[in-house]
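Encoded as structure tokens, the structure appears first; notes follow it.
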Amino acid sequence: MGTDTVADIVQQWRVQRPDLDPSPLLVVGRVLRLGQLMDVALAPLFAEAELGNGEFNILAALRRAGPPFTRSPSELRDSLLVTGGAITKQVDRLERKGLVTRARAAHDARGRTITLTPAGVELVDDLMARHLDRQRELLSSLPSRRQAQLASLLAALAGSLEYQVS
């Protein structure tokens with residue numbers, strides 16, 4: 001096992017500022033650090049496919065929509081929690097790669113839809129299977145019971161934060 005950088009940081013704060021309780025860092029710092037480590041561990045799969053994480057997320061959101069694998073830009077934005085500008089740039093790149101198409105919305109001439117192409121469906125299906133395998137590998141040091149406990153705790157924390165921040 002590796003070192004616990006966050007525990008080291010907390011200990012340093014305890015020495016330097018004994019008047020403060022740095023224990024929240026044991027959770028928040030670790031969650032942030034895990035996000036960084038997970039990004040590093042998962043990025044090579046997307047890089048191999050010449051995709052950024054954001055581009056994969058768009059492809060996956062379209063695939064999750066089910067046939068005909070179409071969403072409006074605002075639906076994508078809402079499902080991915082990113083700005084419209086970020087979506088536009090990523091969709092531009094995906095369109096150039098032949099993975100998505102844009103069209104006018106049937107119900108609104110001003111609206112647009114984004115749809116996965118058959119090549120996009122094939123790519124996201126392959127990548128998603130491999131992505132989940134890699135995630136399982138990253139979690140394999142925890143028994144399934146502990147994974148379920150962690151998932152439950154993280155869901156509770158995320159639900160609380162969604163309520164506090166919104």
Here are several values of Cα extents along the principal axes in Å: (i) 63, 33, 28; (ii) 43, 37, 35; (iii) 47, 37, 30. Which one was derived from the coordinates shown? (i)
Hydropathy at least 0.0 by Kyte-Doolittle, axial extent at least 27 angstrom from the Cα trace: which helices of the chain, defined as entire DSSP H runs, fit? 24-48, 144-165
Suppose every K and R has +1 on its Cβ and every D and E has -1 on its Cβ; what is the size of the dipole of segment 1-121 about the Cα centre, in Debye to the nearest 20? 560 debye
For a label point 7 Å along the Cα-to-beta-carbon line of Leu42, residues of segment 55-73 with backbone N under 11 Å: 56-57
Debye equation applied to the C-alpha atoms of segment 1-41, log10 I(q)/I(0) at 0.17, 0.24 Å⁻¹: -0.48, -0.79
Run the simple label-point estimate for Leu153 and Asp78 please: 7 Å along Cα→C-beta, distance reported in nm. 3.4 nm
Here the gain from full extension of Arg33 to Arg146, 0.36 nm per residue of separation minus their alpha-carbon distance, amounts to 38.8 nm
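No value in this document is a laboratory result; all are computed from the given coordinates. Here the structure is a predicted model, which is why all the values come from computation and not from measurement. Cβ sites come from the backbone with ideal geometry, for glycine too, and all protein chains shown count toward neighbours.
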